[in-house]
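The values are calculated or read from the model by the stated rules, or taken from the named source; none is laboratory data. If you're wondering where the values come from, they're calculated on a predicted model, not measured in any experiment. Don't worry about glycine lacking a Cβ; one is built from the backbone with ideal geometry, like all the others, and counts go over all protein chains shown.
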Amino acid sequence: MNSQTPFTKHVLAQGCLSAEEFFLLDVGASGGIQPHWNVFQPYLKATGFDPLVTEVERLNRIETNPRVRYEDGFVGSGMPTQPLDKIAARNNGSFQRTSAVRATGLMNLNYQQQVFNSGAEMVWSKKQLTVDGWLPESNRRAVDFIKIDTDGSDYPVLVGARQTLAAGGVLGLTVECPFLGPIDDEANLFGNIDRLLRNQGFTLFNLDVYRYSRADLPRPFLYDIPAQTTHGAVQWGEALYFQDLGDADFERMWPREFSPIKKLKLACLFEIFDLPDCAIELLKKFRSELAPLIDFDYCLDALTPELAGEKLSYQHYNKVFDAAIKEGKLFHFGRERLASTQPSFASPAPAEANPEMLRLRHTLGRMLNRPEPVSESEVENATAALNALFASRDISAEIQKHGTRGQPALVPMLLYHLASARRERNEELAEVLEIIYSRLAAPARLATHREDNLATASAA
């Protein structure tokens, strides 16, 4: 899950969801709507379902958003189910043999009461619901995302939501998926869940697996509850599905209509679930529709992750990738700054051999508000320091370590080369220099008169 969501915040700031809020259904909502959905505030509408009546009452009492409500009920398929004989169904489930069950017994713990019901008395709902039955037909396309985590009836929930999924408005789902159980086409298993969702136009984008060690040799628990362990056989996982609108052929396979706002919502979901590459692919496919609604180039940059500790523009990021591949440095991409992207600055020859040195000394002196030119040694030291920053794999750490102590000419030298890069239309170099400048603890007078100093450097 991605806690940094500048793209989504930009979409909301542009007012894109003011007329079409984000609609979430949470089936198995004990504990409340997960915090990451709050990024859509104040345009979040959500309904959470849970069979624990006292937990639902508690959640409604503490909820501050009037558009977020909780309802008690067992959500399923609406069809009666019969338990299958273990031997006849060749059920390979092994949960009862795990260290989680052993620990629960040793703790004399009512897991559902303590973990899912906040320790309150267990009062179960008498309602039996389906998503299709609860949602009016006219409102099915308004749902944007469904989260399902019921500890045992996730597949039946999907069966009872088939009409809502077929309506085409649901952009994605997370579903708890058991891997072990009976051999049966209606069993609550990942294979059946995946088949149902693929038949509704959804594609698996991520799968987190949960391991449980055997009771005979417990391994450390991942959390302070008797549940997943660091090692052990997989028991179940959480699957993330989306409609893959970025596929060039999606519309031919699934002829559905999506508004530009729905497409922006999907891009936001991609960012939230740490899939910025999928978000950019989607934005570029529908650029003509979406560009009038957002600052398109800013969004591409906002979605571009840091590379080896540095924040690059989308364009520069891709240039670095191309350079790495051409140099045969596939493994180095994203792990270190590549030499091909690290310009090297040479100090001009001494003044008696090259008048450029004297001109540079005078220019840097004026930028520092000195009556005299800077010394040749200051030019050489600033040049060496600037090259060290470019050679560093972590510019921020290098700056934090050395700052500008003893290098008064470093910032003016940086601005001098920035002006030169702009003059020569070297956008890639200019961008890196801008990043370094923004992170340097420059003296106040240099930061205040930055454009004046650039003008001075440009005139040199």
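Could you say whether any residue in the stretch 15-27 is free of Cβ contacts under 8 Å to residues at least 40 places away in the same chain and closer than 30 Å to Ala215 by Cα? No, that holds for no residue.
Exactly one residue out of Leu197, Leu173 is in a strand (DSSP E or B), among the aliphatic types (A, V, I, L, M) and touching a residue at least 40 places away in the same chain (Cβ under 8 Å), and it is Leu173.
Restricting attention to the stretch 310-319 and to residues that are outside any strand (DSSP E or B) and out of contact with any strand residue (DSSP E or B) (no Cβ under 8 Å at 6 or more places or on another chain), the residue that is nearest to Leu300 (Cα to Cα) turns out to be Tyr314. Selection of the stretch 221-247 for residues being aliphatic (A, V, I, L, M), more than 20 Å from the chain's Cα centre (by Cα) and either modelled with pLDDT of 95 or more or surrounded by 15 or more Cβ atoms within 10 Å (Cβ to Cβ) (or both) yields Ile225, Ala227, Ala233, Val234. Scanning for something surrounded by 13 or more Cβ atoms within 10 Å (Cβ to Cβ), outside any loop (DSSP other than H, G, I, E, B) and at pLDDT below 85, does the stretch 320-336 turn up at least one residue? For the stretch 320-336, residues surrounded by 13 or more Cβ atoms within 10 Å (Cβ to Cβ), outside any loop (DSSP other than H, G, I, E, B) and at pLDDT below 85: absent. From the list Thr104, Thr64, the one residue that fits, being hydroxyl-bearing (Ser, Thr, Tyr), assigned to a loop (DSSP other than H, G, I, E, B), assigned by TED's automatic domain parsing to the domain that holds Val170 and farther than 22 Å from Val170 by Cα, is Thr64. Taking the stretch 1-21 as the range and being over 22 Å from Asn206 (Cα atoms), outside any helix (DSSP H, G or I) and either at pLDDT 95 or above or not hydroxyl-bearing (Ser, Thr, Tyr) (or both) as the test, the residues that pass are Gln14, Gly15, Cys16, Leu17, Ala19, Glu20, Glu21. Does the stretch 223-231 include one or more residues that are of a type in the set (Gly, Ala, Ser), farther than 25 Å from Thr150 by Cβ and not in a helix (DSSP H, G or I)? Within the stretch 223-231 (the criterion being of a type in the set (Gly, Ala, Ser), farther than 25 Å from Thr150 by Cβ and not in a helix (DSSP H, G or I)), the answer is no, since none of the residues qualifies. Considering Leu275, Leu300, the condition of being over 22 Å from Asn38 (Cα atoms) and either surrounded by 15 or more Cβ atoms within 10 Å (Cβ to Cβ) or without any contact (Cβ under 8 Å) to a residue 12 or more places away in the chain (or both) is satisfied by Leu300 alone. Taken as a whole, the structure places Leu44 among residues that are over 22 Å from Cys177 (Cβ atoms), in the same structural domain as Arg140 (by TED's automatic domain parsing) and surrounded by 14 or more Cβ atoms within 10 Å (Cβ to Cβ). Look at (1) modelled with pLDDT of 95 or more; (2) on the phi > 0 side of the Ramachandran plot; (3) not small (Gly, Ala, Ser) and you find that Val175 fails only one, number (2). Residue-level check: of (1) surrounded by 20 or more Cβ atoms within 10 Å (Cβ to Cβ); (2) closer than 14 Å to Pro66 by Cα; (3) acidic (Asp, Glu), Asp26 misses just (2). Is it the case that some residue within the stretch 61-76 is over 21 Å from Asp144 (Cβ atoms), among the hydrophobic types (A, V, I, L, M, F, W, C) and free of Cβ contacts under 8 Å to residues at least 40 places away in the same chain? Yes, there is a match, as at least one residue in the stretch 61-76 is over 21 Å from Asp144 (Cβ atoms), among the hydrophobic types (A, V, I, L, M, F, W, C) and free of Cβ contacts under 8 Å to residues at least 40 places away in the same chain. Across the stretch 370-383, what is the total count of residues that are in contact (Cβ under 8 Å) with a residue 24 or more places away in the chain and either of a type in the set (Lys, Arg) or within 19 Å of Leu418 (Cβ to Cβ) (or both)? Counting residues in the stretch 370-383 that are in contact (Cβ under 8 Å) with a residue 24 or more places away in the chain and either of a type in the set (Lys, Arg) or within 19 Å of Leu418 (Cβ to Cβ) (or both) gives 6.
Lys86 satisfies every condition listed in (1) surrounded by 19 or more Cβ atoms within 10 Å (Cβ to Cβ); (2) under 22 Å from Tyr155 (Cβ atoms) except (1).
Taking the criterion of being under 21 Å from Asn2 (Cα atoms), among the hydrophobic types (A, V, I, L, M, F, W, C) and either assigned to a helix (DSSP H, G or I) or out of contact with any strand residue (DSSP E or B) (no Cβ under 9 Å at 6 or more places or on another chain) (or both), the residues of the stretch 270-293 that qualify are Phe270, Ile272, Cys278, Ala279, Ile280, Leu282, Leu283. Of all residues in the stretch 22-44, those satisfying the criterion of being more than 19 Å from Glu271 (Cα to Cα) and not hydrophobic (A, V, I, L, M, F, W, C) are Asp26, Gly28, Ser30, Gly31, Gly32. The listed residues are Ala248, Ala267, and the only one of them that is part of a helix (DSSP H, G or I) and among the small types (Gly, Ala, Ser) turns out to be Ala267.
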